[in-house]
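Participant: I'd like to ask some things about the structure below.
Coordinate-derived values only; no laboratory data. Nothing here was measured: the structure is a model prediction, and the numbers come from that model. Quick reminder, even Gly has a Cβ in these numbers, built from the backbone with ideal geometry, and neighbours come from all protein chains shown.
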């Protein structure tokens, strides 16, 4: 059986895989390019199979306790008045706000703390080369070390450099024509426990969300093709946002004032990762490096957790690494393809270009929020029918009873 595993990337997918592989008896090393564990990030939600896996890990209660406290979602007008509202406690199943809403960094740190007893973590280093052989994958690190591993799991995120090194030119990204900037702003007394979403003409939106750290998370979105913006530096990104939102209304002045001092701006031109395969020899992709579905799918964290669990389970079932990777892809592809099926028109519908379009959007959302339609809305945001069957991994070696 394969014993030595390297995981590149210490975020949600990487730390989850490290926990399951370490518990199954593997010798696991996680390498992360940042000099220390990376906190920060905006809201993620964990639904369906993702919550079941956290429960198996004994982490579900801790994740709920670290939640953002968000109680629902409201679309507001320029005066801040709610035009449609979805309250989590009133939904059958999860709505736009899930029961488990947590900051990316808080979830990743929870998983990191759980994985540390089961894996060795090395920060401030990165893979420079992988030579895949019949008996092992030899990895050369930028720090100068070389080591052999039975399997390498690449969990570096949407912009993974190791993926491009091992699978050059194979990613055929699907651009979603939506650019989003996330950052933290100071909390004010009128910030409530809702995700407040405001639409401005010109395909723009601004939203504010609560967090558990005494601040507020802001999101600025612009609809339209803008692939070239992914390469902009931070100053140009901020200048673009100031220009596009200077006349947006509602709380745009407050958010733009905070933008200048914000040191956690994450600027993302949304694109899905579309890979024809997720493994090659002894190297496999996991999480966003394999299939980024973008925040539009609302299931990225759930997929990262589920994929890591399935990958670890398959490696524990067989000593044939390529066969384990094939089985992992066979199990996860249906769920990923379902999640990637977000129609490209969806961002356009949620970002009308005119006031008339905004009024129409609010009318549709207001109808969907009524009691007679809540069951349908809850199902739209709930679990996925293509979730993999986890029962095949429930054996004495890698299943944990809590």
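Participant: For the chain, set up a GNM with springs between Cα atoms under 10 Å and report which of 300, 157, 69 has the largest fluctuation.
Facilitator: Looking only at 300, 157, 69, the biggest GNM fluctuation is shown by 69.
Participant: Nearest 5 is fine: what % of DSSP beta bridges in the chain come out antiparallel, could you say?
Facilitator: On the way: 46 of 67 bridges.
Close to 70 percent.
Participant: Then there is this: So, in nm, how far is label residue 268 from label residue 126 when the simple model puts each one 7 Å beyond its Cα toward the Cβ?
Facilitator: 1.9
Participant: Within region 153-169, whose backbone N sits under 19 Å from a point 7 Å along Cα→Cβ of residue 175?
Facilitator: Only 158-160, 169 fall inside the zone, counting backbone N under 19 Å.
Participant: With a cut-off of 20 Å, note down the residues of region 240-276 whose backbone N falls inside the zone around a label point 7 Å from the Cα of residue 233 toward its beta carbon.
Facilitator: Of the residues in region 240-276, 240-243, 259-269 have backbone N under 20 Å from the label point off residue 233.
Participant: State whether region 5-63 is rounded, prolate or oblate according to the following rule on the C-alpha gyration tensor (a ≥ b ≥ c being the square roots of its eigenvalues): a/c under 1.5 gives rounded; otherwise a/b larger than b/c gives prolate, and the remaining case gives oblate. Intermediate values should be presented prior to the final figure.
Facilitator: Details: a/c = 2.47, a/b = 1.17, b/c = 2.12.
Oblate, because a/c is 1.5 or more while a/b does not exceed b/c.
Participant: Would region 108-176 count as rounded, prolate or oblate if I go by the C-alpha gyration tensor, calling it rounded below 1.5 in a/c and otherwise prolate when a/b exceeds b/c, oblate otherwise? Please list the in-between numbers first.
Facilitator: Values: a/c = 1.90, a/b = 1.11, b/c = 1.72.
It is oblate, given that a/c is not under 1.5 and a/b is not larger than b/c.
Participant: As I understand it, the value is the acute angle between the Cα axis of helix 300-317 and the longest principal axis of the Cα atoms of the chain; what does it come to in degrees, rounded to 10?
Facilitator: Compared with the principal axis, the helix lies near 10 degrees.
Participant: Let a ≥ b ≥ c be the square roots of the eigenvalues of the Cα gyration tensor of region 154-232; is it rounded (a/c under 1.5), or, if not, prolate (a/b larger than b/c) or oblate? Don't jump to the answer; show the numbers that get you there.
Facilitator: On the way: a/c = 3.52, a/b = 1.75, b/c = 2.01.
Verdict is oblate for region 154-232.
Participant: So what is the relative contact order of the chain, in percent, for Cα pairs below 8 Å that sit 6 or more residues apart? Display every interim value, and only then the final one.
Facilitator: Working: 850 pairs, mean separation 96.2, N = 402.
RCO, the chain: 24 percent.
Participant: Now for a different question. Among 359, 83, 246, which one shows the biggest mean-square fluctuation in a GNM of the chain, springs joining Cα atoms closer than 10 Å?
Facilitator: 246
Participant: Of 362, 118, 213, which is the most mobile in a GNM of the chain whose springs link Cα atoms less than 10 angstrom apart?
Facilitator: Judging by the Gaussian network model, the answer is 213.
Participant: Which value in nm describes the separation of the simple spin-label points at residue 366 and residue 338, placed 7 Å from the Cα toward the beta carbon?
Facilitator: 3.4
Participant: Hey, any idea what Rg/Rh is for region 40-131, computing Rh the Kirkwood way over Cα pairs? Please report the intermediate quantities before stating the final value.
Facilitator: Details: Rg = 17.6 Å, Rh = 15.6 Å.
For region 40-131, the value is 1.13.
Participant: In degrees between 0 and 90, to the nearest 10, how far off the longest principal axis of the chain does helix 104-115 point, with axes built from Cα atoms?
Facilitator: The answer is roughly 20 degrees.
Participant: Sorted from largest down, give the three principal axis spans of the alpha carbons of region 18-177, whole angstrom values.
Facilitator: Its Cα atoms span 60, 38, 28 Å along the three principal axes.
Participant: Roughly how tilted is helix 12-23, in degrees to the nearest 10 and between 0 and 90, from the longest Cα axis of the chain?
Facilitator: Roughly 30 degrees, rounded to the nearest 10.
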